[in-house]
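Trainee: Right, I'll just put the structure down here and ask away after.
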Amino acid sequence: MLSTFMLPQELLEEIVDLLFDDHQSLKALACTAHCISARSQKLLFHELVLSPKTKSPSSYIPLLEMSPHILSYVRRLRIVAREFYSSLTSCQYVHDDASLGRLIHAVTNVDDIELMQVVGLDAFIGPGGLLPTIASPRVRMLRLNTVWLPTPQSIFTVLSYFPSVSSLRLQNVPVMGTSLSLDSGNVRLTEMSLSAHMVSSSLCDCLFNNAASGWLRDLQGLVVESYCVWELCIISKLIPQLPNLITLTIKGPMGEEDEEWHPGTQQRLAEEIPVFPLQKIKTLHLSLYDPISSWTGWWLSHLTRGAAINLEHLTVDLMYENARATSEMQHSMAAWKDLETNLMRLPRLKSVNTMTTVVVGR
């Protein structure tokens, strides 16, 4: 008589989890035994993408009618708000699809939304607009990607539709106009990420005028992807206004691409940012492009001057262009090894992790 051996359910799920980015395999597993099909479906439908033409809300209605439980697996929505027709003279909005409201009502467990291709707000906040349709008190993370906002106050207008958001990520979000006074409402963030030329003067109105007054008072983690040194100058002035900030991630600047500052000297950097405010930071992540540049040299000297007295964990990713990687690695890795030795003098430091990344076609 043949005996059947069954792996524990927890182990089966761990095996399926290893295939999280292999959609073809997950699709095959989703059609097999129930013990692994449910887990496969959860991974397949963790994220749902909506767009006016290629992935319209109405295209998901057959799935909703045949297998309504599937949409309960969705945790993240990526919404392309508008797409142009081939003529590029007119566009189609995702909220023009009458099925959007029905679909949103079915994805009841979404806590992460990414909005893309939003220009202005008038077309998105009126009756039947995108934001009123997808508004939810369950959303904890909001990502704005390629979103043009007419004024600094527009950020808070968008956030008002998601009152429970604690994490905000802004990527390529130009903020136009100015505002002498801003109403942040009940917005309270614990994490924020700024990237792709985000630090404009209008955004600074939003950051500086309201940091101490409330919406950033609880901020614990900040990620800044900078393309030029002046953006870091602005951020260095913002950090002292964030009393609870303990985790800081800085990516860039990108060295030679910063034409205004190249060649940047450590002396000039020291004049612009005499002391980078690291006193309260416990975890610092640095991704440094062009590691032999003067900006990297500035960090080498700055970290060892005692500015990071409460630093516990430091991670440094040295990023090289493919064509120059070999020679630069030897130069900068030796410098960072010396830095690690000097950093051990910091009273609270527990770990230093240095890694290298070769960037192809930067």
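Coordinate-derived values only; no laboratory data. None of the values given here were measured: they were computed from a predicted structure. Reconstructed Cβ throughout: ideal geometry from the backbone, glycine too, with neighbour counts over all protein chains shown.
Trainee: Using θ = phi - 60° and the Karplus curve 6.51 cos²θ - 1.76 cosθ + 1.60, what whole-Hz ³J(HN,Hα) does each residue of the range 32-42 get, with Gly and Pro shown as x?
Mentor: Each residue's phi maps through the Karplus curve to give 9, 5, 4, 5, 10, 5, 5, 5, 5, 5, 4 Hz.
Trainee: What does the C-alpha gyration tensor say about the overall shape of the range 64-187? Classify as rounded when a/c is under 1.5, otherwise prolate if a/b is larger than b/c, or oblate.
Mentor: Oblate.
Trainee: Based on the Cβ-Cβ distance of residue 17 and residue 348, what FRET efficiency does E = 1/(1 + (r/R0)^6) give at R0 = 51 Å, to the nearest 0.05?
Mentor: Step by step, r from the Cβ atoms, then E = 0.90.
Trainee: If you don't mind, there's one more thing I want to ask. Nearest 5 percent is fine: what portion of the DSSP beta bridges confined to the range 80-180 is antiparallel?
Mentor: Rounded to the nearest five, the antiparallel share is 20 percent.
Trainee: With a cut-off of 8 Å between alpha carbons and a minimum separation of six or more residues, what is the relative contact order of the range 1-66 in percent?
Mentor: Answer for the range 1-66 is 22 percent.
Trainee: Just list whichever of 55/251; 27/55; 280/350 have alpha carbons separated by over 21 Å in the model shown.
Mentor: 55/251
Trainee: Next question. Please list, ordered by chain and number, the residues whose modelled amide H lies under 5 Å from the amide H of residue 176; skip anything fewer than 5 residues away on the same chain.
Mentor: Residues meeting the criterion, in which the H sits 1.01 Å from N, are 149, 151.
Trainee: Right, something else. Near the amide H of residue 50, under 5 Å away, which other amide H atoms are found, from residues 5 or more places off or on another chain, if H is placed in the peptide plane?
Mentor: Those lying under 5 Å, H to H, from residue 50 are 78, 79, 80.
Trainee: In terms of modelled amide H atoms, which long-range or inter-chain residues lie less than 5 Å from the amide H of residue 356?
Mentor: 318
Trainee: Oh, and also: Enumerate the calculated ³J(HN,Hα) couplings along the range 142-149 in order (Karplus 6.51 cos²θ - 1.76 cosθ + 1.60, θ = phi - 60°), each rounded to whole Hz, writing x wherever the residue is Gly or Pro.
Mentor: Running phi through 6.51 cos²θ - 1.76 cosθ + 1.60 with θ = phi - 60° gives 10, 10, 10, 10, 6, 10, 9, 10 Hz.
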